[in-house]
Amino acid sequence: MTKLSTVKLQDLVTLSFLQEFQDNFALSVGVASLIEDNLGQAITCPSCFSTFCREIVRTSDVGLKRCLGNDMRGAAKAMQTGKPAVYQCHAGLIDFAAPIILNGRVLGTIFGGQVLTARPSEEHCRKNAQELGVSTDKYLAAIKEIPIVTREKIQSAAKVLFLVANTLSKNAYQTLKLKENNREIILAYNRLENTFNTMSDGVLIIDDHGIIKQVNRITEELFDRPGSALLNKSVKELMGSQAPFIEKVYKEQTAYNDFEIFIDTKLGRLHCLSSGRPILDDEGMLSGGIIILRPIKRVHKLINRLSGAQATFRFDNIIGQSPAILTSIQLASRAAAGMSNVLIEGESGTGKEVFAQAIHNQSARCKGPFVAVNCGAIPRELIVSELFGYTEGAFTGAKRGGRPGKFEFAAGGTIFLDEIGDTPLELQVALLRVIQERKLTRMGDNKVIPVDVRIICATNKNLAQEVAKGNFRQDLYYRLHVISLKIPPLRERSEDIPLLFNYMLHTMGCEWGKPIKKVDPAVITLLQQYHWPGNVRELQNVVERVISVVNEDTVRVEHLPEAIIQPAALTIALPPARTNELLRSREMFRQNRSEQERQQIVELLRKSNGNISYTAKQLGIARSTLYRKMSQYNIPN
């Protein structure tokens, strides 16, 4: 919005027009005239000024000061009354003023006058001449040339001047509003232009004949052509086989949303989601349309980010100093620098996905998605559609519009196929084709979609043996086995167990608000002697249990699961005295736990007046189990 305080009359009305009006008014009415701004500065040249005022009065500093003061008082009077002001100047001449007002603010004033209604006395003239410091004779001679008019004529001239001032005020207001409207239009255009050019989607503006009239920068990038090569071209020529449904926008005024399209360009096949809207003019008539092209890669990237399909682990997050784990880390780090497929082998719980994420994060694809798929957890009949996607109607229950598969979501990044050894043979054939051709076809469709992904597979099986048994295709095995990485089980790197245990204990303890400061050395000894069939995942579960049951700041043997502190494990490496001590501690722990459970059952039965169903529900056990525990603890029924 234009600030009124900064608006000047000369900004709203052409000065040449003001000068011409003033000259004509002065000549036709027979009076002098001048237009000043709100600061009292003349913005036009004087019209028909008398010799008396121009050469006698205003050449004197005193006279000029008095003239300007009279003019300002006259203008102020006209502003206060809202009517033309008629006043007498210090020399006895009659002047009149009409303000030019815009929204209550005076932008300027039109002055007229320098006439007499009667000849002043010679004595008065001599006195004024003396005060002004000018020649008395020249003063008397000049004032005799001033015309004498009637008061009626002066009032009439003042009214005309006031009407003209009102007209100028209206014109100034209209000009101001026009400037404000133009400014808003320019501002709105600039906003739309900036939005248009900063959108991450391709945008095409077409006319009512389907001719491209405007494109943004992203559209130029998508088609690898400058805007000049796209403008004034038919959208049919650009869209090819996808043009028919786009034509409905400007032919039938039909909008569409998120329609999946494939367009052949110089850069290859462009896979997009497209939306279109007709554009109507102020009378509701079709004037064209707007077409949005959203690259599917960006859609998938957004979905992956929102769904958490991002790798979080790095090699720095892998805890261990044993030669076995360091060798695996070194080989995995080398694999990250290339683009070859990687096969990670290891027992369940060794951290195969951690290594896969670390490889992705250290690779050139680290900014792309990391999509993990557990091939062993997906039903056999759904795994093809899950990996490669499907079209609408491909099978009973298929979602409307179809759905892209995990390979498409992983475009530009890495797909991690866990438990690859559990994939059915029919999927292995399709997977081999995708790896070889870097293209896929959705289930129920015949369109070929290029995919740019790096494949990292993991298995807890010996794939070479599975190939020998006929459970895994040999050609697929060699495609995946470009770089083989074996993750050692936890029992083969027992020296890493204290590091892992203390790290997990500290991390989880802080997260749960139960920091633990000390660990009994016997605990570490038992942990290192245990065979860990569940590997690092099992160790993590043990740490969670320890934090849950410990009620002090030290972890002791009795806090460990029974499988770890069983007698067979205790007698392997510990001296008899220490073994007996640990057994006593374990027995004491069992007794304390049994006593706590007995007291809990007794208290619940007392509160419920012996209600077995209520007590069993509160304990989260069956009635039969409660009866058994009551018999075990000698609790009367």
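The values are calculated or read from the model by the stated rules, or taken from the named source; none is laboratory data. Remember, predicted model here, so these are calculated numbers, not experimental data. Please note: Cβ atoms are built from the backbone with ideal geometry, for glycine as well, and neighbour counts cover all protein chains shown. Side chains included, ligands, DNA and RNA excluded: accessible areas come from the protein's heavy atoms. Shrake-Rupley method; radii C 1.70, N 1.55, O 1.52, S 1.80 Å.
For the reader, a short list of remarks on this structure follows.
- The residue of the range 145-178 that is farthest from GLU20 (Cα to Cα), among those that are among the basic types (Lys, Arg) and in contact (Cβ under 8 Å) with a residue 24 or more places away in the chain, is ARG151.
- Residue within the range 318-336 that is at pLDDT below 90 and either hydroxyl-bearing (Ser, Thr, Tyr) or open to solvent by 70 Å² or more (accessible area, probe 1.4 Å) (or both) present: no
- The set of residues from the range 415-459 being over 20 Å from ARG403 (Cβ atoms) and in contact with a Pro (Cβ under 8 Å, 6 or more places away or on another chain) comprises just one member, ARG438.
- Residues satisfying the stated conditions in the range 456-479, i.e. closer than 20 Å to ALA377 by Cα and under 43 Å from the mean Cα position of the chain (by Cα): ILE456, CYS457, ALA458, THR459, ASN460
- Residue, least open to solvent (accessible area, probe 1.4 Å), within the range 530-565, restricted to residues that are part of a loop (DSSP other than H, G, I, E, B) and closer than 18 Å to CYS510 by Cβ: VAL550
- The single condition from (1) under 39 Å from the mean Cα position of the chain (by Cα); (2) over 16 Å from ILE420 (Cβ atoms); (3) outside any helix (DSSP H, G or I) that GLN321 fails is (1).
- Conditions (1) closer than 26 Å to ARG438 by Cα; (2) modelled with pLDDT of 80 or more; (3) open to solvent by 40 Å² or more (accessible area, probe 1.4 Å): number failed by LYS251: (1)
- Candidate set from the range 195-238 (those that are of a type in the set (Gly, Ala, Ser) and in contact with an Asp or Glu (Cβ under 7 Å, 6 or more places away or on another chain)); member that is nearest to ILE279 (Cα to Cα): GLY210
- Unique match (being closer than 27 Å to GLN540 by Cβ, within 41 Å of the chain's Cα centre (by Cα) and without any contact (Cβ under 8 Å) to a residue 24 or more places away in the chain) among GLY513, GLY509: GLY513
- Residue check, SER169 open to solvent by 60 Å² or more (accessible area, probe 1.4 Å) and over 19 Å from TYR87 (Cβ atoms): no
- Residue list for the range 376-432, restricted to those being within 21 Å of ASP258 (Cα to Cα) and basic (Lys, Arg): LYS399, ARG400, ARG403, LYS406
- Listed conditions (1) open to solvent by 60 Å² or more (accessible area, probe 1.4 Å); (2) in contact with a helix residue (DSSP H, G or I) (Cβ under 6 Å, 6 or more places away or on another chain) are all met by CYS89, apart from (1).
- Residue selected from the range 453-485 under the condition touching a Gly at 6+ places or on another chain (Cβ under 6 Å) and charged (D, E, K, R), by the criterion least open to solvent (accessible area, probe 1.4 Å): GLU466
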